[in-house]
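The values are calculated or read from the model by the stated rules, or taken from the named source; none is laboratory data. If you're wondering where the values come from, they're calculated on a predicted model, not measured in any experiment. Because the Cβ atoms are built from the backbone with ideal geometry, glycine has one as well, and the counts that use them run over all protein chains shown.
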Amino acid sequence: MLRFVLLLALALTTVAPAMAQSGGSDGFIYGTLTLQNGDTHTGFLRWEDEEAYWDDLFHSRQINIPWVQYADLKALHREKEKRYFETHGLIDRIAYALENKNPDEKIRRLFVARFGNIEVITIDEDENITVTMNNGSSLGSKFEVRGYSNDVSTDILVYSDAGEEDSFDWDDLAEIRFAQAPAEATPYAERLYGRVSSSKGEFEGFIQWDQSECTSIDMLDSRQEDLAMGEILAITRKPGGEVIADLVDGRQLSLSGSNDVDDGNRGVVVETEHLGRINVPWKRFQKIEFMTGKGSGPKRDSYADTGALTGNVKTTDGQQYSGRLVYDLGAASQHDIFNGTQQDINYNIPFGLIETITPLEEDACRVTLRNGQILELSDNPDTGAKSTGVLIFNANETKAERVPWAKIQEIRFQP
């Protein structure tokens, strides 16, 4: 009987959006959509069935990268060719040389930013998209972006304070302007929080299941029964393409038959305070235990401008440079995101959490975080030889020295 009472109490705090705990709306994306016809709609915003919080990541491809002007494109072309030749045979080298005759290296960069760092997204009549950051500085406040992900094509949902949902086609939008939700606004759901056990350790924080479900009203699909995420206490992966779900009503179900609960699952994302965003792949996932009473994440003003990347660069030949830094011709601010993988687990880490980066082998580096944790990351242009290195600007910002990745011994960032 006691167990039933406890489970019932937990159910009431888990699945009822109207009973969100204090601060429950802080972390939810909120703002105003302006349509091409001039109509406006204000409320909690969600990118269809995915991004819903200030610490979620907005992805697109960056156009007109501002720092390319400081790079010698011919030198970059030679570096890329050298890397390729060192790891490929004669026939591949000949083919590469024939296909890459133009020394004017094309620089492509993804645009990745937390929604909390964005002030406004505008879409003009020609479908050109501009993202304006809330950094209020000249570090690249406006970015032209295009394509790459559904973040610049999906429908946008607007939830009123009463929980009513409206959907708007991306092609009908002229502007998305972000703001903190009013203190009295009631969110449409509660945010998922939990402890994830994996074959490579435990991680605790806000949860995106299958890189999608992140609120108490999102549905976990299966052949046996579809469940609201807020109904679930724990999920344990079992061999053979199934999971065991422990529910707040006391039931325990064996679930299978959909990508939410089998090998098609894209991984469990954990948003943490000191590590950033972690994606635990399904093959490493073991169990998740959900918790309540954790709020919805930091307020929008927690993402205020934290300033430029600055620090010291040591080179392999004993040189040292200090000043404002731009990492890999793409990251100039502490809120920019560093990406890498360790033992199949992927990390998206704001540069402001990083103390040092030390190159290791061909495609790896050691990242020391400000909390003392050390990660050896690889499998991304940020982490190895595919990086273009780092720019160090002089005091009056008139020129920059580029140190190629192969010549970097250590980068130490100032807080």
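Given the criteria buried (at least 17 other Cβ atoms within 10 Å of the Cβ) and either closer than 25 Å to R46 by Cα or not aromatic (F, W, Y) (or both), does S254 qualify?
On the way: buried (at least 17 other Cβ atoms within 10 Å of the Cβ): no; either closer than 25 Å to R46 by Cα or not aromatic (F, W, Y) (or both): yes.
Spelling it out, it is not the case that S254 is buried (at least 17 other Cβ atoms within 10 Å of the Cβ) and either closer than 25 Å to R46 by Cα or not aromatic (F, W, Y) (or both).
In this structure, is G24 surrounded by 21 or more Cβ atoms within 10 Å (Cβ to Cβ) and assigned to a strand (DSSP E or B)? No: the conditions fail for G24.
Listed here are the residues, each with its yes/no results for (1) modelled with pLDDT under 90; (2) touching a Ser or Thr at 6+ places or on another chain (Cβ under 9 Å); (3) surrounded by 12 or more Cβ atoms within 10 Å (Cβ to Cβ).
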position: S141; (1), (2), (3): yes, yes, yes
position: V152; (1), (2), (3): no, yes, yes
position: D155; (1), (2), (3): no, yes, yes
position: V158; (1), (2), (3): no, yes, yes
position: D161; (1), (2), (3): yes, yes, yes
position: E165; (1), (2), (3): no, no, yes
position: D171; (1), (2), (3): no, yes, no
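What about F206, is it of a type in the set (F, W, Y) and touching a Cys at 6+ places or on another chain (Cβ under 9 Å)? First the steps, then the outcome.
Details: of a type in the set (F, W, Y): yes; touching a Cys at 6+ places or on another chain (Cβ under 9 Å): yes.
Answer is yes for this residue.
Among the residues of region 278-299, some residue qualifies, meaning at least one is basic (K, R) and over 30 Å from R237 (Cβ atoms).
Quick one: in region 257-288, which of the residues that are of a type in the set (D, E, K, R) and not in a strand (DSSP E or B) is surrounded by the fewest Cβ atoms within 10 Å (Cβ to Cβ)? Quick ask: steps written out before the conclusion?
Within region 257-288, the subset of a type in the set (D, E, K, R) is 260, 262-263, 266, 271, 273, 277, 283-284, 287.
Narrowing the set further to residues that are not in a strand (DSSP E or B) leaves 260, 262-263, 266, 273, 283-284.
Values: D260: 24, D262: 18, D263: 10, R266: 15, E273: 13, K283: 12, R284: 19.
So the residue we want is D263.
Among the criteria (1) over 17 Å from the mean Cα position of the chain (by Cα); (2) under 30 Å from D305 (Cα atoms); (3) modelled with pLDDT under 90, the one I91 does not fulfil is (2). Take the conditions (1) without any contact (Cβ under 8 Å) to a residue 24 or more places away in the chain; (2) part of a strand (DSSP E or B); (3) over 30 Å from S198 (Cα atoms); (4) polar (S, T, N, Q); Q409 misses just one of them, which is (1).
Output yes when any residue across region 309-320 is charged (D, E, K, R), at negative phi and either surrounded by fewer than 15 Cβ atoms within 10 Å (Cβ to Cβ) or not in a strand (DSSP E or B) (or both), and no when none is. Within region 309-320, one or more residues are charged (D, E, K, R), at negative phi and either surrounded by fewer than 15 Cβ atoms within 10 Å (Cβ to Cβ) or not in a strand (DSSP E or B) (or both). Summed over region 156-198, residues that are in contact (Cβ under 8 Å) with a residue 24 or more places away in the chain, among the acidic types (D, E) and under 30 Å from L233 (Cβ atoms) total 2. For the condition outside the structural domain of I129 (by TED's automatic domain parsing) and over 23 Å from the mean Cα position of the chain (by Cα), E202 does not qualify.
Residues that are part of a strand (DSSP E or B) and free of Cβ contacts under 8 Å to residues at least 24 places away in the same chain within region 365-394 comprise R366, T368, I374, listed in sequence order.
Residues in region 375-412 that are of a type in the set (S, T, N, Q) and more than 25 Å from the chain's Cα centre (by Cα): N394, N396, T398, Q409.
Return the only residue of E362, E355 being assigned by TED's automatic domain parsing to the domain that holds V326, surrounded by fewer than 16 Cβ atoms within 10 Å (Cβ to Cβ) and either of a type outside the set (V, I, T) or more than 25 Å from Y70 (Cα to Cα) (or both). Break it down stepwise before answering.
On the way: E355 fails: surrounded by fewer than 16 Cβ atoms within 10 Å (Cβ to Cβ).
That would be E362, the only listed residue that is assigned by TED's automatic domain parsing to the domain that holds V326, surrounded by fewer than 16 Cβ atoms within 10 Å (Cβ to Cβ) and either of a type outside the set (V, I, T) or more than 25 Å from Y70 (Cα to Cα) (or both).
For N380, the criteria (1) farther than 17 Å from W54 by Cβ; (2) at pLDDT 95 or above hold in every case but one, which is (2).
Selection within region 178-214: residues that are assigned to a loop (DSSP other than H, G, I, E, B) and of a type in the set (D, E, K, R). The member of this set that is nearest to D301 (Cα to Cα) is E184.
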